[in-house]
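Below is one structure; the comments refer to it alone.
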Amino acid sequence: MVALFAEGLTTSAFPCSLVLAVPGMAVAVASRRSSAVAGAGFLIGLLASSWLRFAGIIGVWPSLLTGTTVLLAAIPMIRQETGPAGLVGLASASAGAATASLWRPCVGVEFGQVLTHMETSGLRGVAELAIYLLGVMAPVIASIAALNALPGRWLERSESALRIAGGIVLGIVAIATLMGAHERIIDELFRRSSF
Amino acid sequence: MSSTRIVAAALAAFLTGAWAVVQLRSDPETSLTDATAADAVPDQPSTTNRPVLTAAPENFGPVPELTDLDGWLQTDEDAFADVRGDVTILQFWTYSCYNCTNTIPHLQDIYAAHRDEGLEIIGVHAPEFEREKDPVGIQAAAERLGVTWPIALDTEKRNFRSWQGSRRFWPRTYVIDQNGDIRFDKIGEGKYAELEATVAYLLENGA
């Protein structure tokens with residue numbers, strides 16, 4: 001279990017994991033006042049959708065659905081002061097579920113073993129995937145916690161800017177997916193990082 | 001309660017729950033580490049003390065055909081037809097894939113140890129990105145990485161999809177026995193000792 005978490009943590013800097021980290025961070029930043037709810041929602045959506053895909057229950061979402069879901073999910077986050085409570089969590093979970101479709105995981109020794117048996121491993125497979133994902137997303141979670149620990153006055157002053165920045169990043173992810181450019185961006189990241 | 005505390009509490013609960021599920025459900029019959037006799041072999045292959053299987057490896061059924069390929073590299077013929085009846089390692093890979101290239105030294109070791117006994121290897125190159133489709137680039141990468149076995153070009157990933165269904169990953173490594181049945185199936189890196197033990201068992205005992 002520790003090895004699985006560590007492998008996830010190790011791959012968190014790889015381009016294969018940035019596909020998850022960038023939207024995850026954007027969701028939390030865009031939902032600044034509810035970043036804990038948004039972060040948890042994103043992780044739950046990501047976990048559920050990844051498991052359904054890796055267990056062979058569903059296939060990869062079409063790009064149109066993925067991009068549209070991310071785009072629509074960004075709206076309640078950047079307008080959260082006027083939106084109903086709980087909508088942010090739902091939107092974040094939707095964004096997480098859509099993001100799972102963009103994920104082509106690095107398959108190291110530990111995660112490879114988990115994936116090999118995921119079709120038949122049931123709840124155990126879900127738990128192992130959760131542990132791996134926590135490793136992958138640990139830097140994002142730590143960043144959100146660090147952001148929340150900043151002085152309140154600075155956060156109040158920067159709230160609009162943070163929300164807009166997060167929304168723009170989500171918008172870029174969505175549009176890149178809709179235009180088919182997302183794969184080229186990831187390829188470029190791979191090429192430049194020489195992984 | 002501050003957001004930081006909520007995040008920390010949620011994480012702690014999540015980790016505890018996941019740990020509990022893994023612990024409670026790891027009974028000996030379904031445990032990943034105890035699933036087959038093959039797992040009893042050490043994790044790393046050794047050139048001096050080769051791993052041995054004491055029971056026949058699981059049979060996953062007949063291997064599909066390799067169809068509609070976009071050509072071959074490092075062979076003049078349809079190598080898949082040529083190796084029919086031989087113990088064969090077949091791996092879906094792509095040259096920019098970090099995890100795929102990590103497996104190659106292990107495949108080289110196993111090939112060196114068992115080639116004379118009749119082991120064959122086929123790499124099915126299924127590109128992840130557009131730039132990996134160029135056969136010149138694939139050949140150059142093969143030479144750089146020390147891939148000496150035949151490479152099937154699955155440029156449009158038809159076989160990558162048909163073999164793996166909805167669970168498609170790089171790398172994915174199979175062992176095919178003399179009857180054309182799959183006897184080893186592994187996603188990702190690792191389990192090299194089990195891979196070699198499966199090959200050795202099939203070469204020694206037949207399918």
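Please treat every number below as a calculation from the coordinates, not as lab data. These numbers were taken from a predicted model, which means no experiment stands behind them. Positions of Cβ are generated from backbone atoms using ideal geometry, with glycine treated the same way; all protein chains shown enter the neighbour counts.
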Check: Yes or no: A:Arg53 within 13 Å of chain B (Cβ to nearest Cβ), surrounded by 23 or more Cβ atoms within 10 Å (Cβ to Cβ) and basic (Lys, Arg)?
Finding: no
Item checked: the range A:140-175, subset buried (at least 16 other Cβ atoms within 10 Å of the Cβ) and without any contact (Cβ under 8 Å) to a residue 60 or more places away in the chain, residue farthest from the other protein chains (Cβ to nearest Cβ) -> A:Ile172
Margin query: Please count how many residues of the range A:95-139 are more than 7 Å from chain B (Cβ to nearest Cβ), assigned to a helix (DSSP H, G or I) and in contact (Cβ under 8 Å) with a residue 24 or more places away in the chain.
Written below: 18
Margin query: Exactly one of these conditions fails for B:Asp134: (1) more than 25 Å from B:Gly190 (Cα to Cα); (2) surrounded by 15 or more Cβ atoms within 10 Å (Cβ to Cβ). Give me its number.
Written below: (2)
